[in-house]
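Each remark here refers to the structure printed beneath this line.
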Amino acid sequence: MPSAPGASQEEIRRQNLGAVLRHVHVHGPTSRAELTSRLGLNRSTIGALAADLATAGLVTEEVPTTARRAGRPSLVVSPRSDRVYAHALSIDADRLRAARVGLGGRILDLREATRPCGMATIDAVGPLADLVRDMERAVAPDALFVGGAVAVTDTIRDPAGRIRIGGADDSLGAALGAELAAGAEFAVGDMADIAGLAEHVRGVAAGVHDLVYLHGDVGVSAGIIIGGRLVVGHRGHSGKVGHMVVNPRGLPCGCGSRGCWETEIGEAALLRHAGREPTEREAVLDVLRAAADGDPTARSAVEQVADWLGFGVANLVNVVNPDTVVFGGSLREVYLAGAETVRRRLDEMALPASREHVRLQAAALGRDAALIGAAELAFDKLLADPLNAGQLATGPTEPPA
Ligand SMILES: [Zn+2]
């Protein structure tokens, strides 16, 4: 790992420990020999770093079971997924989810509850804390909790069925921290940003440095990663591509504007074209299934939405010049059903230099993307400074008696 000039020995060691731990966290069990070549450090340094991480209970080191060559086999370093974990939460349009995710990105336990229509994000703290406490009952006493994060969708439906913008309350991270992490604040991120991060670290866009992840549920937003870094904007509100105006004569949008992209490609648009009630979220899969079976109305609904999807993607491709565009949430299924139409529209509209190499991909991690991505945020501090992470959080607190 290259270090900044003038970095102290201690700083260099911290960076190297982080690099080794991050490598096994992302890529899974790796031999010392491979770590040596991947990270560009010498053998004895890797040996010492791995031993320190093992002593801290963050990794195990084992003789590989398949060792055949003569001589001493290179020990395999593995993340302690069973012991080191984060709390990953998500506040979806109509569901609350809580998971314990082990180092290495493994979901160890998962709980869900319904999010009532119109429930403010801050009011989800209590129910989420209950889900977490329920999971905590099964946790071994020597387990190491390193922090938590929550992914929040920015659009919700109120009890009258209207869509409104309802992103994270500023106090959400602190409120969850006070309930669950002895005051250590939970990281908070937009659903599309976090799901995009998950696809970037361990999904369909692993290793891709420039990508646009499009997330569809009740609304539409994007996680944009440029040069390997998530773009969040001045106050964390970038990527609201669902409110990019594409049709000035279109329908009114929940944001107060008219003809926003999400009025043309959101779930309600698909349902409307298919002659279904636009608030009937459960019917989205029915429409897609009917389209696959050749039902003409459903097929036409998919084509119309796919055409508008390609229209907006062409604009995004021109602006961002990504290597890959990933379709997630309910847009994954819409993309798969109308991929040719999306591509045709993109080829018609986007600049050749930007469109020719762009790959269009369906998300790989499904509905767990938000939880896996939230865990990545929660593991950040541990990966930056592995040996001091134990002091970051003392573990979930008991509810007040
Ligand atoms: Zn809008």
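The values are calculated or read from the model by the stated rules, or taken from the named source; none is laboratory data. Keep in mind the model is a prediction, meaning the values are calculated, not measured. Ideal geometry is used to build each Cβ from the backbone, glycine not excepted, and the neighbour counts take in all protein chains shown.
Check whether at least one residue in region 278-285 is within 16 Å of the ligand (Cβ to nearest atom), buried (at least 17 other Cβ atoms within 10 Å of the Cβ) and either free of Cβ contacts under 8 Å to residues at least 12 places away in the same chain or not basic (Lys, Arg) (or both), and report yes or no. Yes, the conditions are met somewhere in region 278-285. Please determine whether any residue of region 291-303 is in contact with a helix residue (DSSP H, G or I) (Cβ under 8 Å, 6 or more places away or on another chain) and within 16 Å of the ligand (Cβ to nearest atom). No: region 291-303 contains no residue that is in contact with a helix residue (DSSP H, G or I) (Cβ under 8 Å, 6 or more places away or on another chain) and within 16 Å of the ligand (Cβ to nearest atom). Taking residues in region 127-145 that are within 19 Å of Glu185 (Cβ to Cβ), and partners anywhere that are outside any loop (DSSP other than H, G, I, E, B) and among the aromatic types (Phe, Trp, Tyr), the pairs with Cβ atoms closer than 8 Å and at least 6 places apart or on different chains are Leu144/Tyr85; Phe145/Tyr85. Scanning region 218-258 for residues that are assigned to a loop (DSSP other than H, G, I, E, B) and among the hydrophobic types (A, V, I, L, M, F, W, C) turns up Val218, Val232, Met244, Val246, Leu251, Cys253, Cys255.
Taking (1) outside any helix (DSSP H, G or I); (2) over 29 Å from the mean Cα position of the chain (by Cα) in turn, Gly47 satisfies each apart from (1).
Could you list, in sequence order, all residues of region 346-358 that are farther than 19 Å from Gly216 by Cα and out of contact with any Pro (no Cβ under 9 Å at 6 or more places or on another chain)?
Once the filter is applied, which keeps residues that are farther than 19 Å from Gly216 by Cα and out of contact with any Pro (no Cβ under 9 Å at 6 or more places or on another chain), region 346-358 yields Asp347, Glu348, Met349, Ala350, Leu351, Pro352, Ala353, Arg355, Glu356, His357.
In region 243-253, is there at least one residue being away from the ligand (no atom under 15 Å from the Cβ), touching a residue at least 24 places away in the same chain (Cβ under 8 Å) and either crowded, with 16+ Cβ neighbours inside 10 Å or among the acidic types (Asp, Glu) (or both)?
Kept after step one, since they are away from the ligand (no atom under 15 Å from the Cβ), are these residues of region 243-253: none.
No, because not a single residue in region 243-253 is away from the ligand (no atom under 15 Å from the Cβ), touching a residue at least 24 places away in the same chain (Cβ under 8 Å) and either crowded, with 16+ Cβ neighbours inside 10 Å or among the acidic types (Asp, Glu) (or both).
With the requirement that a residue be within 13 Å of the ligand (Cβ to nearest atom) and within 26 Å of the chain's Cα centre (by Cα), what does region 254-272 give you? Hits for region 254-272 are Gly254, Cys255, Cys260, Trp261, Glu262, Thr263, Glu264, Ile265, Gly266, Ala268, Ala269.
Could you list, in sequence order, all residues of region 220-238 that are within 16 Å of the ligand (Cβ to nearest atom) and over 18 Å from Asp169 (Cα atoms)?
Correct list: Val220, Ala222.
Looking across region 300-340, the residues that are buried (at least 24 other Cβ atoms within 10 Å of the Cβ), in a strand (DSSP E or B) and not aliphatic (A, V, I, L, M) come down to Phe327, Gly328, Gly329.
Name the single residue that is modelled with the lowest pLDDT among those in region 227-251 being over 14 Å from Phe311 (Cβ atoms) and β-branched (Val, Ile, Thr).
Val232
When you scan region 263-291, how many residues do you find that are within 15 Å of Ala306 (Cβ to Cβ) and among the acidic types (Asp, Glu)? Matching residues across region 263-291 total 2. Here Gly275 meets the list (1) surrounded by 18 or more Cβ atoms within 10 Å (Cβ to Cβ); (2) in a loop (DSSP other than H, G, I, E, B); (3) more than 16 Å from the ligand (Cβ to nearest atom) almost entirely, failing just condition (1). Let me confirm something: among Gly373, Gly366, Gly328, which residue is under 30 Å from Ala99 (Cα atoms) and modelled with pLDDT under 95? Just one listed residue meets the conditions, Gly366.
Looking at Val319, is it of a type in the set (A, V, I, L, M, F, W, C) and within 20 Å of the chain's Cα centre (by Cα)?
Spelling it out, it is not the case that Val319 is of a type in the set (A, V, I, L, M, F, W, C) and within 20 Å of the chain's Cα centre (by Cα).
Number of residues in region 224-242 that are surrounded by fewer than 21 Cβ atoms within 10 Å (Cβ to Cβ) and in contact with a strand residue (DSSP E or B) (Cβ under 6 Å, 6 or more places away or on another chain) equals 2. Cβ-Cβ distances below 7 Å connect the following pairs, each with a first residue in region 177-194 that is free of Cβ contacts under 8 Å to residues at least 12 places away in the same chain, a second residue that is not β-branched (Val, Ile, Thr), and a separation of six or more residues or different chains: Gly183/Gly177.
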